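Right, one structure below, let's go through it.
The values are calculated or read from the model by the stated rules, or taken from the named source; none is laboratory data. A quick note: this is a predicted structure, and the numbers were derived from the prediction, not measured. So basically every Cβ, Gly included, is an ideal-geometry build from the backbone, and we count neighbours across all protein chains shown. Please note that ligands, DNA and RNA were not included when accessible areas were found on the heavy atoms of the full protein model with its side chains. Shrake-Rupley method; radii C 1.70, N 1.55, O 1.52, S 1.80 Å.
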Amino acid sequence: MTIEQQIQAAAAAAVAALYGAEVPAETLQIQKTRPEFEGHLTLVTFPLLRQSRKKPEETGEDLGHYLVENTQLVSAYNVVKGFLNLVIAPSAWLSLLDEISANPEYGIQKATEESPLVMIEYSSPNTNKPLHLGHVRNNLLGWAVSQIAAANGNRVVRTNIVNDRGIHICKSMLAWQKWGNGETPASSGKKGDHLIGDYYVLFDKHYREEVKTLAAQYEAEGMEAEAATEKAKQQAPLILEAHDMLVKWEQGDAEVRQLWQMMNEWVYAGFDETYKALGVGFDKIYYESQTYLEGKEKVEEGLQKGIFYRREDNSVWADLTGEGLDEKLLLRSDGTSVYMTQDIGTAKLRFQDYPIDKMVYVVGNEQNYHFQVLSILLDKLGFEWGKGLVHFSYGMVELPNGKMKSREGTVVDADDLVATMISDARHTMDEAGKNGDMTEEEKQEVARIVGMGALKYFLLKVDARKNMLFNPEESIDFNGNTGPFIQYTYARIKSILRKAAEEQQATATPVLSTKEEELIQHLAGFSEVVRTAGQDYSPSVIANYCYDLAKEYNSFYHDFSILREEDVAKRQFRLNLSAQVAKVLRLGMGLLGIEMPERM
């Protein structure tokens, strides 16, 4: 039970004893006391005036006096209008620290067989290009959300849906056929996803040239420029060939399927390397090539039940005007499926595979409308979790020089980004002289941990709903709100604890300073932070809590001696307090997928 919950329970008992009225403890408003007033926690008395039938100040005096006289929680109080400021007794803080110390995973709830099953989808890459910075944010958010959900006592299934079919895949395949000369990852020395991405960019280069030539021809024939360009985009030989390849793929053409399978295998091997570097993984991977047919079946089922309708051109639509939306295409006139159809099919397979209680899609905010529609369609088709599905909608990552464009090859590649972050971390640490006594292997491992920690923290500390500007140089800084600052605080504590390993145990109870009490109070708030982050799907809440805790510990470290403290009881207390700060930092950063170095 947190200190806030203990105060709520004691205050509820006080209301019952003083006024003969029952109030649910959890409804009592407890908040952190404002800095300008004495106290740790504040009880808001205004909602209790109906029970006390007294003025706010008198009610506060009654409750404060009762808590001091009848509990061991409160040592003093003061009343400011309708606010009862409570000074928590030192013994209560020591007891709370003992409770934190006794729990190796303080603030973390364990799932049981009866716990809700939450499925979380993230990553969702296309097999026509390598992962880029946008994918990095998606994967890190998805992993963190799944870790936080598990820490709140849920059973969690991490899942990925790979977009391994469609016109974009055919573009890379066609380009490789035309200009690849049999090139493979082995012959080129490139990762498979990078190799295929190069051909996607090559397709676009040649396609643009065709469009430009055709558009000029149509304009010469008297067509307006805009109309000429649009017609050229549709009639360019390359795009027609790509569409023809897509139809052949859906018809099961052996040659096209064999090429598709070979190139996809190259990409998957490349993806696996990137996922490993990012420290993310999945319990189950679905492939759109397997789910789109299931989606077609569900659409046909909906058609028979009158949920959907067919137009004269043979295309199938859902009419959502009754829900205040528009009409949604589900099957094209040639029978090929769209993303919505594939998502319906994927949902069907997932529901068959797992007894899902909640489905969370980690997808960028440009797909808000898509998931609004998907939720309605799944509900109409009878999926129990359809109406309550969660679209974890996040903003885009932008760069100092503008947005990323995959077709033009101007993306920030995920593998390059990871390598750069690790290299920058190593350079920064070498310059600062923080790793002089390490072996070369240790230096490189710490650089990896710090570089990846910097990247992950920078992307996760921002409210996920907001667009953000990514600046690698800022993320590596060992000062300020960065991953390396928190990691360095952790490593500092671990160094202190190693030096104190031979310390004798003290039995006396120390006198706590205000700063030490505040640090315990901050530590104790971790469990509530984890709960809030789970409710709000907000990794940034965890990130900023860890930063505040590290900052507060560093202030304490600056003002108080630890190893040099002559009073054995105080020294032991501060060592234990330091150990608990390190533990909670490790747990909190672990929920974000960030490793903590023992040395820096």
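When only residues in segment 256-298 that are among the basic types (Lys, Arg) and without any contact (Cβ under 8 Å) to a residue 40 or more places away in the chain count, which is nearest to HIS194 (Cα to Cα)? This residue is LYS276. Contact annotation: residue pairs with Cβ atoms under 7 Å, 6 or more positions apart or on different chains, pairing a residue in segment 487-501 that is farther than 21 Å from GLY590 by Cβ with a partner that is assigned to a helix (DSSP H, G or I) and open to solvent by 10 Å² or more (accessible area, probe 1.4 Å), are ALA500/LEU575. Going by the structure shown, is ASP343 free of Cβ contacts under 8 Å to residues at least 24 places away in the same chain, within 19 Å of THR127 (Cα to Cα) and outside any strand (DSSP E or B)? No; evaluated as a whole, the condition is false for this residue. Can you list residue pairs whose Cβ atoms sit under 8 Å apart, with the first residue in segment 147-162 being more than 18 Å from LYS110 (Cβ to Cβ) and the second being of a type in the set (Val, Ile, Thr) and in a helix (DSSP H, G or I)? Count only pairs 6 or more apart in sequence or on different chains. Cβ pairs passing all conditions: ILE161/THR291; ILE161/THR346.
Determine, yes or no, whether ASP416 is over 29 Å from LEU585 (Cβ atoms), open to solvent by 40 Å² or more (accessible area, probe 1.4 Å) and at pLDDT 85 or above. Answer is yes for this residue. Taking the criterion of being of a type in the set (Ser, Thr, Tyr) and in contact with a helix residue (DSSP H, G or I) (Cβ under 7 Å, 6 or more places away or on another chain), the only residue of segment 347-364 that qualifies is TYR361. Only one of the listed residues (GLY222, GLY182) is assigned to a loop (DSSP other than H, G, I, E, B) and either within 39 Å of the chain's Cα centre (by Cα) or under 22 Å from GLN234 (Cβ atoms) (or both). That residue is GLY222.
The residues of segment 102-161 that are assigned to a helix (DSSP H, G or I), open to solvent by less than 20 Å² (accessible area, probe 1.4 Å) and hydrophobic (A, V, I, L, M, F, W, C), listed by number, are LEU133, VAL136, LEU140, LEU141, ALA144, VAL145, ILE148, ALA149, ALA151.
Please work out if ALA533 is closer than 25 Å to PHE478 by Cα, open to solvent by less than 10 Å² (accessible area, probe 1.4 Å) and either in a helix (DSSP H, G or I) or in contact with a Cys (Cβ under 6 Å, 6 or more places away or on another chain) (or both). For ALA533, the condition - closer than 25 Å to PHE478 by Cα, open to solvent by less than 10 Å² (accessible area, probe 1.4 Å) and either in a helix (DSSP H, G or I) or in contact with a Cys (Cβ under 6 Å, 6 or more places away or on another chain) (or both) - is not met.
Could you tell me whether LEU48 is of a type in the set (A, V, I, L, M) and either open to solvent by 10 Å² or more (accessible area, probe 1.4 Å) or assigned to a strand (DSSP E or B) (or both)? So LEU48 does not fit the description; no. Among residues of segment 80-96 being of a type outside the set (Gly, Ala, Ser), touching a strand residue (DSSP E or B) at 6+ places or on another chain (Cβ under 9 Å) and not in a helix (DSSP H, G or I), the one that is surrounded by the most Cβ atoms within 10 Å (Cβ to Cβ) is LEU84. For segment 173-209, a residue qualifies if it is open to solvent by less than 70 Å² (accessible area, probe 1.4 Å) and of a type in the set (S, T, N, Q), and the qualifying residues are THR184, SER188.
If the requirement is being in contact with a Lys or Arg (Cβ under 9 Å, 6 or more places away or on another chain), of a type outside the set (Phe, Trp, Tyr), free of Cβ contacts under 8 Å to residues at least 60 places away in the same chain and surrounded by 14 or more Cβ atoms within 10 Å (Cβ to Cβ), which of these qualifies: ALA447, ALA454?
Among ALA447, ALA454, only ALA447 is in contact with a Lys or Arg (Cβ under 9 Å, 6 or more places away or on another chain), of a type outside the set (Phe, Trp, Tyr), free of Cβ contacts under 8 Å to residues at least 60 places away in the same chain and surrounded by 14 or more Cβ atoms within 10 Å (Cβ to Cβ).
Restricting LEU585, LEU519, LEU512 to those that are in a loop (DSSP other than H, G, I, E, B) and in contact (Cβ under 8 Å) with a residue 24 or more places away in the chain reduces the list to LEU512. For segment 162-172, the candidate set comprises residues that are assigned to a helix (DSSP H, G or I) and either more than 29 Å from THR346 (Cα to Cα) or β-branched (Val, Ile, Thr) (or both); within that set, the residue that is most open to solvent (accessible area, probe 1.4 Å) is ILE167. Residues of segment 237-255 that are touching a residue at least 24 places away in the same chain (Cβ under 8 Å) and either aliphatic (A, V, I, L, M) or open to solvent by less than 20 Å² (accessible area, probe 1.4 Å) (or both): LEU238, ILE239, ALA242, MET245, LEU246, VAL247, TRP249.
Being of a type outside the set (Ser, Thr, Tyr) and open to solvent by 20 Å² or more (accessible area, probe 1.4 Å) is the filter here; which residues of segment 327-337 pass it? Residues satisfying the conditions are GLU327, LYS328, LEU329, ARG332, ASP334, GLY335. For segment 536-553, the criterion of being more than 26 Å from GLU4 (Cβ to Cβ), touching a residue at least 12 places away in the same chain (Cβ under 8 Å) and charged (D, E, K, R) is met by none of the residues.
For segment 549-599: of the residues being under 12 Å from ARG492 (Cα atoms) and polar (S, T, N, Q), which is surrounded by the most Cβ atoms within 10 Å (Cβ to Cβ)? Among those that are under 12 Å from ARG492 (Cα atoms) and polar (S, T, N, Q), it is SER578.
Residue-level check: of (1) of a type in the set (A, V, I, L, M); (2) part of a helix (DSSP H, G or I); (3) closer than 22 Å to SER91 by Cα, ILE562 misses just (2).
For segment 543-600, which residues satisfy the criterion of being aliphatic (A, V, I, L, M) and over 33 Å from the mean Cα position of the chain (by Cα)? Within segment 543-600, ILE562, LEU563, VAL568, ALA569 qualify.
Applying the criterion of being assigned to a helix (DSSP H, G or I) and hydroxyl-bearing (Ser, Thr, Tyr) to the residues of segment 427-459, the residue that is nearest to LEU417 (Cα to Cα) is TYR457. One residue stands out among those in segment 62-79 that are open to solvent by 60 Å² or more (accessible area, probe 1.4 Å) and not in a strand (DSSP E or B): the one that is nearest to LEU575 (Cα to Cα), which is GLN72.
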